[in-house]
Amino acid sequence: MINGDDFAISIRQSRRLKWGERAIQLFMISCSLVAVAVTIGIVFSLVFESYRFFQFVPVYDFLFGLEWSPQTAIREDQVGANGSFGAIPLITGTLLISAIAMAVATPLGLASAIYLAEYAGKRTRDVVKPVLEILAGIPTVVYGFFAALMIAPFIRMTGTDMGLEVASESALAAGLAMGIMIVPLISSLSDDVINAVPQSLRDASLGLGATHSETIRRVILPAATPGIAGSLLLATSTAIGETMIVVMAAGLAANLTANPLEAVTTITAQIVSLLTGDQEFDSAKTLSAFALGLLLFCITLLLNVAALKIVKHYREQYD
Amino acid sequence: MTDSFTQLTPELRRRHRAEFRFQWAGRLAILIAIGFLVVMVSSIAVLGVGALQQTHIKLNVFLDPAQIDTNSLKEADYGRLVKSALKARFPDVSKRRDRRKLYGLISSEAAFTLREKVVQDPSLVGKTLKLWVIASDDVDMLIKGHVSSGAAGGEHRISDMEMRWIDEFRKSGDIETRFNSRFFWSGDSREPELAGIMSALMGSVFSLLVCFALSFPVGIMAAIYLEEFAPKNRWNDLIEVNINNLAAVPSIVFGLLGLAVFLNTFGLPRSSPLVGGMVLALMTLPTIIIASRAALRAVPPSIREAALGIGASPIQSTFHHVAPLALPGMLTGAIIGMARALGETAPLLMIGMVAFIVDVPTSFVEPATALPVQIFLWADSPERAFLEKTSAAIIVLLVFLVLMNIAAIVIRRKFENRF
Amino acid sequence: MSTPELKQQVYAENHAEAQAIHPIISARNVSVFYGENKALNDLSLDVPANQVTSLIGPSGCGKTTFLRCLNRMNDLIDICRVEGEILVADQDIYDPAVDVVTLRAHVGMVFQKANPFPKSIFENVAYGLRIHGLTNSKSELEGRVEHSLKRAGLWAEVSDRLDHSGTGLSGGQQQRLCIARTIAVEPRVILMDETCSALDPIATAKIEELMDELREKFTIIIVTHSMHQAARVSQHTAFFHMGELVEHGRTEQIFTSPRDKRTESYITGRIG
């Protein structure tokens, strides 16, 4: 038995113990703030270095310039000493490759998701889903190697047979490999979304004598559209930020073109080429990588925020 | 409307055909995706498996006492001895250019192999030593059948004359392929026949150790706070949105952060696994937090109620009861995050882990490279033999990834369905 | 009298009566299994056309299972297996030659929970017409939608907002929208699975009224938990208990002079 005094003491002791707990709690809070610090760090370092870059090159020239040839003067009086830092060819190149990737990944990913969610038996699903996930787990450097080694020569050979002129490093090769890489991203997110459509809607449609595919196309997909759109946005953002595949398979030629058979370059590939090898830190050439990084960060952030909002909203709708 | 349920009108037939096509579109999509995977992995495996074998050539080296000073065994010109052995084998080669080609049949490593033998056993001096040495990459490719013999021309590096020499070695059984253990334990080299993955592998190991040591504790602490303690308010919502967005930031941006902050501001050593691991840790953190929160959410509330009900404080309830139960799930998430970090290349390029590293790194602050970066570097090399090495390195990388994922699955299987 | 004998006798009587008005559905020796579990045991039942037949019994007695057999909605459940014979308009619907899509167009279903599609009211009703290609022109389609909504007693309430979402209606309206959607394709039989269980008494009364009007054109089979509802709307009643069809007959007969003890207990509220 505890008497009144003992009880009071034990309460006081437990209050003293709380100091330790307070410390643990503070530690936990600071750990969760690390994530915020990382974001702030990213924004701050990108903005700061970009600001220094924009003292060499006006923002307008960077965002709307049509020519990209980052030179740094070796001698002061060299011809074309300043180079040109117009990001438009890089942006169009990035968009071209991402568009090819999405054109490959969207039908494949959606069709796989629909099949897995609606038709496949449990056993098929248990086998096929992890196998598809492997595609997302393979390092992108492997896709880059494969695209440069196999896909690009294959496209070139096929194209030449058909009388087309194909560059040895074409946007198509990089886009194809990237498309396959993001198939599992689209399929697994869309699979979740399709599964979240209530069974009662399926029953209603099937009960009226619709075939399964009519039910899917006319009832389930329209109901799942917002969620699927979210997954496609997320996949696009991944494609835009993907680096190694384009570095290895798309090349560095900053062509302003919409022809998928030509070589194009992307924001990420240029960042890599600007920052690997010899570099002097304060040159416009080196700093331009950060401006490109800021551009990339802004584009992907917009897509991600939109995608996460849509998906969240969609989840709440059927919860 | 039909009168019978068995009678198929043309309209119904059309609908059933559409159904059939729709199902097959799904199957086809899956087959294409999996087919691509199979083609990619198997073609790389076929290319890479050759790197497990290395061509060796047998030479009869006369250890001429006139050439070797027994007092300083290490100093002798073993390269010349090897060359003499080759000259002795093919005495009719007289032109200087041809001789150089002849010497090119074997790797420059041969002289070092010979030196080691002699230093180990000085009594060999004066005798003729039968020595297997590593053949050059061109010979290696020829023996493995990757370069077609006979056809002369610009694209082949093997001339008819060299073919004749190699045939002669072949006839006398002095050329053979052996298991290439060197590939696994040596560092990078400009010579494809000598290049190995150990330096890159150790670079990856050191980076991942740093990455795990930083991201795991911080990640699970953040997850515990957000899941168990954080009050639902705007500030914590912001942290949550922030983590979700961070998970989708392109990896190269983390590399830029590392370059600007860790290298240029803090002045940490460039190209080191320490910085590489720090960058990877920042990248992995959101993955670990999200996975750990899911693991915590899977612990039933009854466990918390039971602990709180017998007078445990919320901190005690969490750290004594809830967190241990969620640990396997957290660990699974961490391993999957580590696997992704292992395959990551782009951010490491930003912080200079893209160097030519011959020596195997032994600490966190030496310049190093990582396995995927090594793949990237080799993939860029023009020699045919590096194609084989690149593929083999990819296989090694994939084997590690598979092992990590199996570990994650085993942990999950072992601990799931306990509640 | 022992149960099998009683069963036979009841069946014979009922069969004779149903034959007189020609049954649209007749089930012969139907058993249903979910994996190893037998959900329905050797059931035989004739359902007369243009009448309301209600299936009553305690939860888990197999009445919904039986209902879902009648348009093969049970096909959607992988582990479900049906034995015996179910004839709809003299055609065995489990015959491999039977086309499920056509069958379901003839045997429509309204579910326990109102499940309008997240589309406009108009599109909800037009859906079945469109997929079956039942109308040739836009005006015909509009006409059939209006007609169906009128027959479901919903037209007056929604005619001015056909383009609004079907999910925005009240529960009772949603359920009537589902009925309109079902009758738009002109099925012969409408299956209603506890259609009113989630509705308030006024909405329920409306739907019950509707059933009585609809039976002129359609055969209706309802599953209900409410004996009052069964007594109010149906001409025939079948009582299920633990996967057995205990007895069935005219509703007055079942409610006033049940032959089986279990029926009596259920009706008087002692089991259920």
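Key figures
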item: Proximal charge balance of A:PRO139 [Cβ under 15 Å; K/R count +1, D/E count -1]; result: -2
item: Per-residue mean of C-beta atoms belonging to partner chains within 10 Å, peptide B:308-321; result: 2
item: C:SER226-A:SER200 pseudo-label distance in nm [points 7 Å out on the Cα-to-Cβ vector]; result: 1.8
item: Phi-based couplings in Hz for the stretch B:346-354 (Karplus 6.51, -1.76, 1.60; Gly and Pro marked x); result: 3, x, 5, 4, 5, 9, x, 7, 10
item: Dipole moment magnitude, nearest 20 debye, the protein assembly as shown about Cα centre, only Lys, Arg, Asp, Glu C-beta charged; result: 1280
item: Helix-only mean residue ellipticity at 222 nm for the protein assembly as shown, each DSSP H run of n ≥ 4 adding -39500 (n - 2.57), per residue, nearest 500; result: -19000 deg cm²/dmol
item: Of the trypsin sites (Lys or Arg not before Pro) in the stretch A:147-219, those whose Cβ has at most 14 other Cβ within 10 Å and which sit in DSSP loop; result: none
item: Positive minus negative residues near C:SER197 (Lys, Arg vs Asp, Glu; Cβ under 14 Å); result: -2
item: Pairwise Lys count, the stretch B:38-191 - Cα closer than 12 Å, eight or more residues apart or different chains; result: 6
item: Stretch in chain C that is longest and holds no GluC sites (Glu not before Pro) that DSSP places in a loop and that have at most 15 other beta carbons within 10 Å; result: C:37-215
item: The stretch A:48-61 - phi-based ³J(HN,Hα) in whole Hz, Karplus 6.51/-1.76/1.60, Gly and Pro as x; result: 4, 5, 5, 4, 5, 5, 6, 7, 7, 10, x, 4, 4, 4
item: Estimated FRET transfer efficiency when R0 is 56 angstrom, pair B:SER123-B:HIS320 (beta carbons, to 0.05); result: 0.20
item: Backbone HN-Hα couplings from phi across the stretch B:4-14 [Karplus 6.51/-1.76/1.60, Hz, Gly and Pro as x]; result: 10, 7, 9, 8, 9, 6, x, 4, 5, 4, 4
item: Hits among lysines - C-alpha to C-alpha of B:LYS414 under 24 Å, sequence gap 8 or more where chains match; result: A:LYS122, A:LYS129
item: Amide proton proximity set for C:LEU245, modelled H, under 5 Å, gap of 5+; result: C:ASN41
item: Estimated FRET transfer efficiency when R0 is 22 angstrom, pair B:ASP380-B:PHE112 (beta carbons, to 0.05); result: 0.25
item: At R0 = 60 Å, FRET efficiency that the Cβ-Cβ distance of A:THR158 and A:LYS312 yields, to 0.05; result: 0.90
item: Charge tally in the Cβ shell below 10 Å around A:PHE85, where Lys, Arg are +1 and Asp, Glu are -1, A:PHE85 excluded; result: -1
item: Cα-based reach from C:LYS150 at 20 Å (exclusive), listing aspartates and glutamates while leaving out same-chain residues under 8 positions away; result: C:GLU123, C:GLU140, C:GLU142, C:ASP160, C:ASP163, C:GLU186, C:GLU208, C:GLU209, C:ASP212, C:GLU213, C:GLU216
item: Distance in nm between pseudo-label sites at C:ALA49 and B:TRP132 (7 Å out along the Cβ direction from Cα); result: 9.1
item: Axial C-alpha extent at least 24 Å, average Kyte-Doolittle at least -1.0 - helices from chain C (DSSP); result: C:3-21
item: Range in chain B, longest, excluding exposed trypsin sites (Lys or Arg not before Pro) [loop by DSSP; at most 14 other beta-carbon atoms within 10 Å]; result: B:233-417
item: Gain in span if fully extended, B:ALA45 to B:GLU305, counting 0.36 nm per residue against the direct Cα distance; result: 88.3 nm
item: Top positive-direction residue, dipole computed over chain A with Cβ charges, set A:ILE100, A:THR257, A:THR286; result: A:ILE100
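Every read-out reported here was derived from the displayed coordinates using simple, explicitly stated rules and does not represent laboratory data. Keep in mind it's a predicted model, so treat the numbers as computed, not measured. For neighbour counting, all protein chains shown are included, and Cβ atoms are generated from backbone atoms with ideal geometry for every residue, glycine included.
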